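Remarks on the structure that follows.
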Amino acid sequence: MTPWPELRIAAWRDTYATLQLYAQIVGKIRLALTPKMNEWWNVPLYVTTRGLTTSPMPYGDRTLSIDFDFLEHRLGIEDSDGHVRTLPLAASPVSAFHDALFAELAAIDVRVLIGEAPQECPVTTRFCDDTEHASYDGIAVQQFWQALRRVEPVFQTFRAGFRGKCSPVHFFWGAFDLAVSRFNGRRAPPRKAMVDRDAYDEEVISLGFWPGDPWTGGTEALFYSYTVPEPEGLPGQRVRPDAASFSGTLKEFVLPYEDVRRSADPAGAILEFARSTYDAGSTLAGWDRKGLAYP
């Protein structure tokens, strides 16, 4: 069995930050071209056998997709008229990646406007002006993707055990995390911020994988689970496996990726975490688990 890759923030912090900004540019193109869906399900990217994809997006009478290929380190653009354009993924400023991508889109007569400000990170420089973030370590990027492509089918297995409303397994380019969310059908207390208001308009228990925080370097890769709204007593619940705990800082259950990858059965450890945190949250929140989850 091939070992799960190591993901230490210190080993790829600069590359991670740059790649997150690259992904936000592509993600914002998807946001601009797709119709709004509940809980923002129209904006994420999806894990593929080579990297990440927007999946097909409408553009006039055509459909268009943009794909990160982390095996050959290139970005591919294809449309339903047979156009294929590529640009290399290499050490290059975010502004250069931005300009090259929009030039390739213009070459096939695709013109789209995006919000130029990064989201869910401390960077305030517009994508088109960012010359600071310019790192790309191909080996580190492949290790990240190798982790994603191992986690994704485990999340699919967890998703398959739910008969109620459930999100796809999708990759949010804002926070740079892979997530799947279960809903019970009840409305949640409204939130003020537009993104949060739409993302958390229903009671939800979410499971996710986050490769850590490249901006401060203080948090390593981890799995997380949270319940919204948080029921009373949730922080004191015992969950499995033993390495899992409740983070008072993040306000969610966490399981370090390092403990998972070193375990004898990484997929089994993730499912144990997912099921136990769902059981804890749904019990305290009064979910009808018999009606929603399969045995």
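The values are calculated or read from the model by the stated rules, or taken from the named source; none is laboratory data. On a predicted model such as this, the values are computed, not experimentally measured, just so you know. Neighbour counts run over all protein chains shown; Cβ positions are idealised from the backbone, glycine included.
Number of residues in the stretch 136-178 that are touching a Ser or Thr at 6+ places or on another chain (Cβ under 6 Å) and hydrophobic (A, V, I, L, M, F, W, C) equals 1. The residue that is farthest from the chain's Cα centre (by Cα), counting only those in the stretch 169-188 that are more than 19 Å from Ala267 (Cβ to Cβ) and in a loop (DSSP other than H, G, I, E, B), is Ala188. Where strands (runs of 3 or more DSSP E) fall entirely within the stretch 7-100, those with at least 2 residues that are modelled with pLDDT of 95 or more, within 18 Å of the chain's Cα centre (by Cα) and not assigned by TED's automatic domain parsing to the domain that holds Val180 are at 51-53, 62-69. Applying the condition of being surrounded by 12 or more Cβ atoms within 10 Å (Cβ to Cβ) and among the aliphatic types (A, V, I, L, M) to the stretch 184-199 and asking which residue is nearest to Leu292 (Cα to Cα) yields Ala188. As a summary of the residue check, Ala106 satisfies the conditions (1) outside the structural domain of Met57 (by TED's automatic domain parsing); (2) out of contact with any Pro (no Cβ under 9 Å at 6 or more places or on another chain); (3) not basic (Lys, Arg) except for the one numbered (1). Out of the residues in the stretch 253-295 that are outside any helix (DSSP H, G or I), without any contact (Cβ under 8 Å) to a residue 60 or more places away in the chain and in contact with a strand residue (DSSP E or B) (Cβ under 8 Å, 6 or more places away or on another chain), state the one that is surrounded by the fewest Cβ atoms within 10 Å (Cβ to Cβ). It comes out as Pro256. From the list Gly208, Gly218, the one residue that fits, being modelled with pLDDT under 95 and either assigned by TED's automatic domain parsing to the domain that holds Val254 or in a strand (DSSP E or B) (or both), is Gly218. Just one of the numbered conditions (1) touching a residue at least 24 places away in the same chain (Cβ under 8 Å); (2) assigned by TED's automatic domain parsing to the domain that holds Gln20; (3) surrounded by fewer than 19 Cβ atoms within 10 Å (Cβ to Cβ); (4) touching a helix residue (DSSP H, G or I) at 6+ places or on another chain (Cβ under 6 Å) is not true of Ile114: (3).
Evaluation of Arg163 against the conditions (1) over 14 Å from the mean Cα position of the chain (by Cα); (2) modelled with pLDDT of 95 or more; (3) farther than 30 Å from Ala91 by Cβ shows that the sole unmet condition is (2). Counting the residues of the stretch 243-252 that are crowded, with 16+ Cβ neighbours inside 10 Å and modelled with pLDDT under 95 gives 0. Restricting the first member to the stretch 167-178 and to residues that are farther than 10 Å from Leu45 by Cα, and the second to residues that are crowded, with 19+ Cβ neighbours inside 10 Å and among the hydroxyl-bearing types (Ser, Thr, Tyr), the beta-carbon pairs closer than 6 Å and six or more apart or on different chains are Ser167/Ser181. Residues in the stretch 82-95 that are free of Cβ contacts under 8 Å to residues at least 24 places away in the same chain and on the phi < 0 side of the Ramachandran plot: Val84, Arg85, Thr86, Leu87, Pro88. Scoring Gly212 on the criteria (1) touching a Lys or Arg at 6+ places or on another chain (Cβ under 8 Å); (2) in contact (Cβ under 8 Å) with a residue 40 or more places away in the chain leaves a single failure, condition (1). Taking residues in the stretch 1-26 that are surrounded by fewer than 16 Cβ atoms within 10 Å (Cβ to Cβ), and partners anywhere that are of a type in the set (A, V, I, L, M, F, W, C) and at pLDDT 95 or above, the pairs with Cβ atoms closer than 8 Å and at least 6 places apart or on different chains are Ala11/Ala140.
Within the stretch 147-174, being β-branched (Val, Ile, Thr) and surrounded by 18 or more Cβ atoms within 10 Å (Cβ to Cβ) holds for Val151, Val154, Val169. When the stretch 228-242 is filtered for residues that are touching a strand residue (DSSP E or B) at 6+ places or on another chain (Cβ under 6 Å) and either farther than 22 Å from Pro189 by Cβ or surrounded by fewer than 17 Cβ atoms within 10 Å (Cβ to Cβ) (or both), the ones remaining, listed by number, are Pro235, Val239. Regarding the stretch 222-237, can at least one residue be identified that is of a type in the set (S, T, N, Q) and more than 23 Å from the chain's Cα centre (by Cα)? Yes, some residue in the stretch 222-237 is of a type in the set (S, T, N, Q) and more than 23 Å from the chain's Cα centre (by Cα).
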